[in-house]
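**Student:** One structure is given below, represented as structure tokens, and several questions about it will come after.
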Amino acid sequence: ARTLRIGLIPGDGIGREVIPAGQRVLESLPSSLNLKFSFVNLDAGFDTFQRTGTALPDKTVDTLKKECDGALFGAVSSPSTKVAGYSSPIVALRKKLDLYANVRPVKTTVGSTSGDPIDLVIVRENTEDLYVKEERTHEGPNGKVAEAIKRISESASTRISTIAGEIALRRQKIRAAAPATATRDQSMVTITHKSNVLSQTDGLFREAARKALAAERFSSVHVEEQIVDSMVYKLFRQPEYYDVIVAPNLYGDILSDGAAALVGSLGLVPSANVGDGFAIGEPCHGSAPDIEGKGVANPIATLRSVALMLEFLGEEIAAAKIYTAVDANLDEAKFLSPDMGGKATTQQVLDDVLKRL
Ligand code: NAD
Ligand code: MN
């Protein structure tokens, strides 16, 4: 049996309610998968900051680097007014572990939607583009002028496109393992850019992506490209069209929040922060102070994040089992949490999913 060591970072608020659900689903995978897990609890977040003076203790980073195969991150609270010395631990973690891809699947199920089910994933480059934060302001002849650097490199564009291609291949495998929930036969990657205007920066992204995805091992994946603004239009008109979307940092940020709005509740949307040989699963929602401690947080975003992490650790079959169980829970709609219009508690949703594993 393969044993995976998973770091658990619940963080603040409902992070502490949903991460244990993620742990339970891993512990409950069928033994036929030959997979074992060991867990280590790690601190990060605003509570940690208030107790220790740092939001991301070195011990958390060291343990992840030295001992762990992957991790689950819940959510952290960020004070709305700036607190001296506090900065987001997940942003720091992405840097320290070089997690250069942010992966966000957005999915509806047959039963939970009146139209065609949506099943897409946005693969966002996470290290460059306008987010290098090289800004400056100077005095021009007609007042202030501010500028920012948009940096696109061939290497970062190539590695993010390669990950997108790998995800497309994996989705082929996951669909084959769970044909009942499959929404298409052939995987597709859509390259996002605005190279008609930004011919050098976005032009380089487009060129590197085209080249990376033309590799022999992606020959079963259909590759196309789209200008980002017309993509937004189509994403809202016809979301079921898309499969894998690869984008530079800024477009990816905007597209992924917009796409999450297509599925109703934040409590459904997972993400993963991915580097070479490491992945952190993370629900897209925050610490939800309004429902904290009530036991009603929707665990599904976390359960899907667990599956996503498993995908990146090479365990597609285990991931497919979790996706199928979650989809069945949503389709039957007997145990839905309040954000989905139901009455079930976190525990009841979890139990229903576990029963289906
Ligand atoms: P939020 O995601 O915490 O909550 C927004 C709304 O969605 C709330 O009404 C909440 O109850 C609901 N919601 C979120 N997740 C849910 C779930 N799993 N089940 C049921 N309902 C759910 O966003 P916010 O209220 O803007 O922020 C609250 C705190 O979280 C802030 O301190 C913010 O900085 C932080 N935050 C953290 C992250 C992160 O850790 N990645 C992301 C967003 C916000
Ligand atoms: Mn964002």
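Rule-based calculations on the coordinates, nothing more; no lab input. As the structure is a prediction and not an experimental result, all values here were calculated from the model. Counting neighbours? That spans all protein chains shown, and the Cβs are built from the backbone with ideal geometry, glycine included.
**Student:** With the dipole of the chain worked out from charges on the C-beta (+1 for Lys and Arg, -1 for Asp and Glu) around the Cα centre, which of Ile149, Phe278, Val106 lies farthest toward the positive end?
**Tutor:** Highest projection toward the positive end goes to Phe278.
**Student:** What percent antiparallel are the DSSP beta bridges of the chain, to the nearest 5? Kindly include the intermediate steps, with their values, before the conclusion.
**Tutor:** On the way: 21 of 49 bridges.
So the antiparallel bridges amount to about 45 percent of the total.
**Student:** Taking amide H positions as placed in the peptide plane 1.01 Å from N, state which residues far from Lys36 in sequence (5 or more) or on other chains have amide H under 5 Å from it.
**Tutor:** Here Arg2, Thr3, Leu4 satisfy the definition.
**Student:** Under the Karplus relation 6.51 cos²θ - 1.76 cosθ + 1.60, θ = phi - 60°, what is the ordered set of whole-Hz ³J(HN,Hα) values for the range 296-302, x standing for Gly and Pro?
**Tutor:** Result, rounded to whole Hz: 10, 4, 6, x, 5, 4, 6.
**Student:** With an 8 Å Cα cut-off and a minimum separation of 6 or more residues, compute the relative contact order for the chain in percent.
**Tutor:** Values: 738 pairs, mean separation 75.6, N = 357.
For the chain, the relative contact order is 21 percent.
**Student:** Dipole size in debye (nearest 20) for the range 152-231 around its Cα centre, Lys and Arg Cβ +1, Asp and Glu Cβ -1? Can you show the working numbers first?
**Tutor:** Working: 11 positive and 9 negative charges, 69 e Å.
For this selection, approximately 340 debye.
**Student:** If you don't mind, there's one more thing I want to ask. Taking the Cα centre as origin and putting +1 on Lys and Arg beta-carbons and -1 on Asp and Glu beta-carbons, what dipole magnitude results for the range 1-136, to the nearest 20 debye?
**Tutor:** 280 debye
**Student:** A further question follows. Using a 10 Å cut-off on Cβ atoms, rank the peptides 189-199, 221-231 from the highest mean neighbour count down. Walk me through the intermediate numbers first.
**Tutor:** On the way: 189-199: 19.3, 221-231: 16.2.
So the order, starting with the most tightly packed, is 189-199, 221-231.
**Student:** Right, something else. So, in Å, what gap is there between the alpha-carbon centers of the range 316-330 and the range 94-115?
**Tutor:** 14 Å
**Student:** Here is a further query. Using a 10 Å cut-off on Cβ atoms, rank the peptides 24-30, 71-77 from the highest mean neighbour count down. Spell out each step's value before the answer.
**Tutor:** On the way: 24-30: 17.3, 71-77: 26.0.
Ranking the peptides 24-30, 71-77 by packing returns 71-77, 24-30.
**Student:** Using the Kirkwood radius over Cα pairs, work out the Stokes-Einstein diffusion coefficient for the range 268-357 at 20 °C and 1.002 mPa s, in µm²/s as a whole number.
**Tutor:** For the chosen part, D equals 159 µm²/s.
**Student:** Given the options Ala21, Ala146, Ala156, state which has the largest fluctuation in a GNM of the chain using a 10 Å cut-off (strictly under) for Cα springs.
**Tutor:** Ala146
**Student:** Just want to confirm a number: the relative contact order over the range 124-241, from Cα pairs under 8 angstrom separated by 6+ residues, in percent. Could the numbers behind the result be given before it?
**Tutor:** Values: 143 pairs, mean separation 28.5, N = 118.
With pairs under 8 Å counted, the relative contact order is 24 percent.
**Student:** Anyone know which of Gln50, Gln347, Gln172 comes out most mobile in the 10 Å Cα GNM of the chain?
**Tutor:** Gln50
**Student:** Under the rule of -39500 (n - 2.57) per DSSP H run of 4 or more residues, summed and divided by the residues of the chain, what mean residue ellipticity at 222 nm is obtained, to the nearest 500 deg cm²/dmol?
**Tutor:** Value at 222 nm, helices only, nearest 500: -12000 deg cm²/dmol.
**Student:** Taking the Cα-to-Cβ direction at Glu147 and at Ser87 and moving 7 Å from each Cα, how far apart do the two end points lie in nm?
**Tutor:** The answer from the label model is 2.5 nm.
**Student:** Continuing with this model, one more query. Where the only charges are on Cβ atoms (+1 Lys, Arg; -1 Asp, Glu), what is the dipole of the range 100-234 about its Cα centre, to the nearest 20 debye?
**Tutor:** With Lys and Arg at +1 and Asp and Glu at -1, about 420 debye.
**Student:** Then there's this: Compute the distance in nm between two label points, each set 7 Å from the Cα along the Cα-to-Cβ direction, one at Asp98 and one at Ala176.
**Tutor:** Modelled inter-label distance: 3.1 nm.
**Student:** Answer with one residue from Val221, Ile300, Thr52: the one whose Cα lies farthest towards the positive end of the charge dipole of the chain, charges on Cβ with Lys, Arg +1 and Asp, Glu -1.
**Tutor:** My answer, from the dipole projection, is Thr52.
**Student:** For an R0 of 45 angstrom, estimate the FRET efficiency from the Cβ-Cβ distance between Ser38 and Arg184 and round to the nearest 0.05.
**Tutor:** 0.80
**Student:** Over all directions, what mean area does the Cα convex hull of the chain project, stated in square nanometres? Don't skip to the answer; put the middle values down first.
**Tutor:** Values: hull surface 77.1 nm².
Seen from a random direction, the Cα hull of the chain projects 19.3 nm² on average.
**Student:** Using +1 at the Cβ of each Lys and Arg and -1 at the Cβ of each Asp and Glu in the range 178-306, identify which of His193, Tyr241, Ser265 lies farthest towards the dipole's positive end.
**Tutor:** Looking along the dipole axis, the top candidate is Tyr241.
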